[in-house]
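The values are calculated or read from the model by the stated rules, or taken from the named source; none is laboratory data. Predicted, not measured: the structure shown is a model, and the values here were computed from it. Cβ coordinates were reconstructed from backbone atoms using ideal geometry, including for glycine residues, and neighbour counts include every protein chain displayed. Only protein heavy atoms, including side chains, enter the accessible area calculation; ligands, DNA and RNA are left aside. Shrake-Rupley method; radii C 1.70, N 1.55, O 1.52, S 1.80 Å.
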Amino acid sequence: QLQLVESGGGLVQPGGSLRLSCAAASGFTLDYYAIGWFRQAPGREREGVSCISSSGGNYYADSVKGRFTISRDNAKNTLYLQMNSLKPEEKAVYYCAAARIGGLCVPHKYNYWGQGTQVTVSS
């Protein structure tokens with residue numbers, strides 16, 4: 001089964017930036033999957049932040065468009081999320097995920113998940 005490991009979370013001031021990374025286990029190629037980033041705050045539903053479809057198209061939630069950038073390095077088999085101008089309400093656990101078949105950037109469409117990395121936006 002595909003294994004994903006996130007890293008790069010931490011504490012950042014409002015308006016600051018972080019870059020999250022998601023590495024796939026050896027033997028798997030992310031290029032063959034729809035991949036994306038999701039986040040979940042306590043007491044709230046998990047939501048799609050940004051996804052790359054199996055055809056290569058990018059999706060961004062309206063709330064992050066223009067501030068976040070999703071990318072992947074096929075040579076390193078790693079997915080990234082560059083987050084700029086972070087807001088306090090974006091404090092959450094961020095997860096990377098993959099699906100064999102692309103579709104909507106919603107959690108129930110993805111079946112492989114990393115363990116999550118905490119992002120805290122606070123002064």
Q) When the residues of segment 42-59 are filtered to those that are of a type in the set (A, V, I, L, M, F, W, C) and at pLDDT 95 or above, which remaining residue is farthest from residue 73 (Cα to Cα)? A) 49
Q: Looking for whichever is closer than 20 Å to residue 23 by Cα and of a type in the set (Gly, Ala, Ser) here; the options are 56, 66. Which one fits?
A: 56
Q: Specify the residue that is nearest to residue 64 (Cα to Cα); the eligible residues are those in segment 10-24 that are buried (at least 17 other Cβ atoms within 10 Å of the Cβ) and of a type in the set (Gly, Ala, Ser).
A: 21
**Q.** When residues of segment 70-85 are limited to those that are open to solvent by less than 70 Å² (accessible area, probe 1.4 Å) and out of contact with any Leu (no Cβ under 7 Å at 6 or more places or on another chain), the one farthest from residue 123 (Cα to Cα)
**A.** 73
Q. Within the set of pairs 6 or more residues apart or between chains, which connect a residue that is more than 10 Å from residue 49 (Cα to Cα) and among the hydroxyl-bearing types (Ser, Thr, Tyr) inside segment 90-111 to a residue that is open to solvent by less than 20 Å² (accessible area, probe 1.4 Å) and assigned to a strand (DSSP E or B) with Cβ atoms less than 7 Å apart?
A. 110/36; 110/97; 110/98; 110/99
Q: Mind listing just one residue for me: the one in segment 100-112 that is in contact with a Ser or Thr (Cβ under 8 Å, 6 or more places away or on another chain) and open to solvent by less than 80 Å² (accessible area, probe 1.4 Å) and, of those, modelled with the highest pLDDT?
A: 105
Q: Find the strands (runs of 3 or more DSSP E) located wholly in segment 44-123 whose residues include 3 or more that are under 19 Å from residue 28 (Cα atoms) and out of contact with any His (no Cβ under 6 Å at 6 or more places or on another chain), and list them.
A: 68-73, 78-83, 92-99
(Q) Restricting to segment 51-69, name every residue that is surrounded by fewer than 18 Cβ atoms within 10 Å (Cβ to Cβ) and either closer than 23 Å to residue 2 by Cβ or β-branched (Val, Ile, Thr) (or both). (A) 54, 55, 56, 57, 58, 59, 69
